[in-house]
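This report refers to the structure that appears directly beneath it.
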Amino acid sequence: MGFFNTMNISATGLTAQRLRMDTIAENIANVNTTRTADGGPYRRKTVLFEEMRDNDPFSIVFENIFGNGRNIPAPQGMGVRVSNIVEDDSPGLLKFEPTHPDADEYGYVRLPNVNIVEEMVNMIAASRSYEANITAMGVARTLTQRTLEIGQGR
């Protein structure tokens with residue numbers, strides 16, 4: 001794997017984790033939102049990731065099956081991307097608050113399904129993943145610099 005491939009893979013991880021942190025921040029910001037444009041309470045959102053792969057060219061597949069014993073390696077992973085942002089369908093809590101403008105006829109308000117503790121744990125995990133991608137970029141840069149120094153005879 002080359003230097004630029006390593007940087008590109010880490011960059012995709014940084015981008016994906018940044019979107020994950022933004023989504024978590026949106027969840028936290030809407031922890032008390034009882035009415036959205038759809039009319040109901042805010043629904044917690046979750047980011048789904050998928051691996052980015054280079055499409056296997058037909059020539060590589062053909063050569064591996066019918067070639068003269070030469071085994072061409074399959075393309076390596078290309079990083080990660082966000083496949084979708086989905087809403088959590090779990091029900092929110094009901095709170096008895098008859099004076100609230102969004103209370104039903106029995107005085108209950110349906111609250112968002114956002115658990116602030118869970119969101120903070122997810123934020124810490126996303127932050128650690130972001131830091132890991134930055135560290136991987138730094139290590140790749142250091143290894144490349146050391147390799148160039150060896151090539152210069154230092």
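So what's the net charge close to Y130: Lys and Arg +1, Asp and Glu -1, counting the other residues with Cβ under 12 Å from its Cβ?
Here the count lands on +1.
Figure the gain on full extension for Q152 and T15 (residue separation times 0.36 nm, minus the Cα-Cα span) and round it to one decimal in nm.
On the way: separation 137, 0.36 × 137 = 49.32 nm, distance 3.50 nm.
Extending this stretch completely gives an extra 45.8 nm.
By how many nm would the segment from E105 to A25 lengthen if fully extended, with 0.36 nm per residue of separation less the alpha-carbon distance? Can you show the working numbers first?
Working: separation 80, 0.36 × 80 = 28.80 nm, distance 3.23 nm.
This chain segment gains 25.6 nm when fully extended.
FYI, it's all coordinate maths here, none of it is from the lab. From a predicted model like this one, the values you see are computed outputs, not experimental measurements. In this analysis, Cβ positions are derived from the backbone assuming ideal geometry, glycine residues included, and neighbour counts consider all displayed protein chains.
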